[in-house]
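To start, the structure under review is shown below, and the notes come after it.
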Amino acid sequence: MKSALSKPAVARPPTRNPKRTQQRIFEAAFQEFAAKGFAGARVDVIVRRAGINKRMLYHYFGDKEGLFREVLRRKMAQRQAWSEAMPDDPRASLPYRFELAFKDPQWVRLLEWEALQFVDKRLIDESSRQRAVDTAVKEIASRQRRGHLSPQFDPRHLLLAMVALTWFPLAFPQLTRLITHQSVFDRRFRTAQRKFLSQIATAFADSKFTAGQNGASIPSGRGRRTVRRLSRAQTAKPSNGNGVWTHS
């Protein structure tokens, strides 16, 4: 009696997962845009890095500009979520903003590329981005009304000053090194900068709010816990030789 030959196993085609595929495309696109800007980014590189074909990229995002819009949309949503946890007291919120820059250095780099490549041209997705910034300005004004920030400053200029103070070291690490004789990635620099920010933030605070605080550089409660939690989350190590850090 002949033994029946077993049929060879037929490999099933991989199950499609659109969300996972789109996430791969997003991550690859974000890296490419951050490294080269919108003008310099290449769709071929994004496709190869994501492990897909061009047809799939165009199916999900339309074209290169559509992909860039999606990167902006997702990053702004992420940063909005981070902003919602921002302490009201500027002595805590400035160090918090500073740590956010270190949490997302590629976002800072992408914006620098955009500044070089667009200058006075209209930005991609400018209308929705303007609305997001206007919302941030309204939040500053709200914090002024609630007594956490001094009402003597224009809220738009106050927001601009906060961004400048907290993003500049990472945006211009070479100037930071020349001025401080320390690498922006040196833990000692980051500790000293957080302390400086909490001290200079008293200039933004409402004197009525700071009265009776006993000169504490960072208040107790949610502000202190938030800064400490974010600081622990930033235990960083270089992921490559280009100064891009990963975070545990």
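Please pick out the residue among Leu100, Leu123, Leu116 that is surrounded by 15 or more Cβ atoms within 10 Å (Cβ to Cβ) and either within 20 Å of the chain's Cα centre (by Cα) or in a helix (DSSP H, G or I) (or both).
Details: Leu123 fails: surrounded by 15 or more Cβ atoms within 10 Å (Cβ to Cβ); Leu116 fails: surrounded by 15 or more Cβ atoms within 10 Å (Cβ to Cβ).
That would be Leu100, the only listed residue that is surrounded by 15 or more Cβ atoms within 10 Å (Cβ to Cβ) and either within 20 Å of the chain's Cα centre (by Cα) or in a helix (DSSP H, G or I) (or both).
Given the options Arg79, Arg73, name the one that is within 17 Å of the chain's Cα centre (by Cα), at pLDDT below 95 and either of a type in the set (Ser, Thr, Tyr) or farther than 30 Å from Asp206 by Cα (or both).
On the way: Arg79 fails: either of a type in the set (Ser, Thr, Tyr) or farther than 30 Å from Asp206 by Cα (or both).
That would be Arg73, the only listed residue that is within 17 Å of the chain's Cα centre (by Cα), at pLDDT below 95 and either of a type in the set (Ser, Thr, Tyr) or farther than 30 Å from Asp206 by Cα (or both).
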All conditions in (1) among the β-branched types (Val, Ile, Thr); (2) over 17 Å from the mean Cα position of the chain (by Cα); (3) in a helix (DSSP H, G or I) are true of Val108 except (2)
Scanning the range 190-201 for residues that are crowded, with 17+ Cβ neighbours inside 10 Å and either of a type in the set (A, V, I, L, M) or within 20 Å of the chain's Cα centre (by Cα) (or both) gives Arg190, Gln193, Arg194, Leu197, Ala201
Every listed condition ((1) among the acidic types (Asp, Glu); (2) surrounded by fewer than 19 Cβ atoms within 10 Å (Cβ to Cβ); (3) in contact with a Leu (Cβ under 8 Å, 6 or more places away or on another chain)) holds for Glu65 save (3)
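If you check Phe153, Phe172, which single one turns out to be under 23 Å from Ile200 (Cα atoms) and in contact (Cβ under 8 Å) with a residue 40 or more places away in the chain?
Details: Phe172 fails: in contact (Cβ under 8 Å) with a residue 40 or more places away in the chain.
Of the residues listed, the single one that is under 23 Å from Ile200 (Cα atoms) and in contact (Cβ under 8 Å) with a residue 40 or more places away in the chain is Phe153.
Take Ser142 and decide whether it is closer than 19 Å to Gln199 by Cα and either among the polar types (S, T, N, Q) or over 15 Å from the mean Cα position of the chain (by Cα) (or both).
Values: closer than 19 Å to Gln199 by Cα: no; either among the polar types (S, T, N, Q) or over 15 Å from the mean Cα position of the chain (by Cα) (or both): yes.
So Ser142 fails the test.
Only one residue in Phe38, Phe68 is touching a residue at least 60 places away in the same chain (Cβ under 8 Å), assigned to a helix (DSSP H, G or I) and either in contact with a strand residue (DSSP E or B) (Cβ under 9 Å, 6 or more places away or on another chain) or within 23 Å of Arg131 (Cα to Cα) (or both), so which one is that?
Exactly one residue qualifies, and that residue is Phe38.
The values are calculated or read from the model by the stated rules, or taken from the named source; none is laboratory data. Not measured: the values here are computed from a predicted model. Neighbour counts run over all protein chains shown; Cβ positions are idealised from the backbone, glycine included.
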